[in-house]
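Just so you know, all these numbers are worked out from the coordinates, no wet-lab data involved. On a predicted model such as this, the values are computed, not experimentally measured, just so you know. Using ideal geometry, Cβ is built from the backbone for each residue, glycine included, and neighbour counts are taken over all protein chains shown.
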Amino acid sequence: MTTRKAEEYAERELKRRLSPRHGLSIWWVILWVPVLWLASVLLLVSLWRFPKDFVTGWPAISFAVAFLAGSVLFCIFPCRPLYVFGHELTHWLAAVLTARQTGALRLGLRKGSVEIPRPTLFIALAPYFIPLFLLISAGLFAFAGLCWPSTPPLFWCAAFAWLGLCYSYHIVLTILALAHGQSDLQYRGPMLSYAVILFGNLLVLYLAMVMLSQNWRAGWEIPWQIFLELKRSIP
């Protein structure tokens, strides 16, 4: 038997859970989830059609071998403290880049937190599609290439192998984190969160391929051609 006070509390709690958070309505979610999934398919097909002439030589082989090896290695030894550090740091950097107020950053061996009073969807989900360690490493290698133009080929083989490990670490640990459940996904709901994460990862991968190949024209022409094909196929 429940009291009137308990019933009122349960009713308020139900309204709080069902009510839009931070101005987000269910219609907003219904609109954007299909759009993000379609955009993800567009990027996936664009990745498949993108010219891969630049993916040759020992640097590309080093990246692929390191990525495959890392995918197995990090499933066995996930190095969670390092992931926690990168995860919370990405939250913090995303908040700083979007001019949001930040508070204390707490790190533990298996979990951490960062105080952000009014997080956005980008801040909440940034660690799941931004490969922080990969971007930092790529920036350092690019800086080294500018400072020392005559870098030997062996250096670039090692550099691309390291980038392959960094990317596999991001992919594997993101999958493991999502499989164990993350409170970040509840900020806007799992449906929208998974759509954003998939689209964000494909977008980062596509932009990386365009930058590596420096084929800027193909970078925007291929998605546009696919979009026109889809448009013509719709009766």
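Things worth noting here:
- Å³ per residue enclosed by the Cα convex hull of the stretch 148-207: 104
- Over the chain: helical MRE at 222 nm, DSSP H runs n ≥ 4 each giving -39500 (n - 2.57), nearest 500: -25000 deg cm²/dmol
- Amide hydrogen proximity for Val114: with H placed 1.01 Å from N in the peptide plane, the residues at 5 or more positions away or on another chain lying under 5 Å are Arg106.
- Among [x] 22.8; [y] 17.9; [z] 20.5, the entry that matches Kirkwood radius over Cα pairs in Å as calculated here: [z]
- Neighbour counts of other Cβ atoms within 10 Å put Cys79, Cys166, Cys157, Cys147 in the fewest-to-most order Cys147, Cys79, Cys157, Cys166.
- Two-decimal ratio, the stretch 119-235, of alpha-carbon radius of gyration to 2.2 N^0.38 Å: 1.33
- Each Lys and Arg adds +1 at its Cβ and each Asp and Glu adds -1 at its Cβ; summed about the Cα centre, the stretch 27-233 shows a dipole of about 260 debye.
- Here is what passes the span test in the chain: the DSSP H helices with alpha carbon length of 30 Å or more along the helix axis and a Kyte-Doolittle mean of 0.5 or above are 26-49, 153-180, 190-213.
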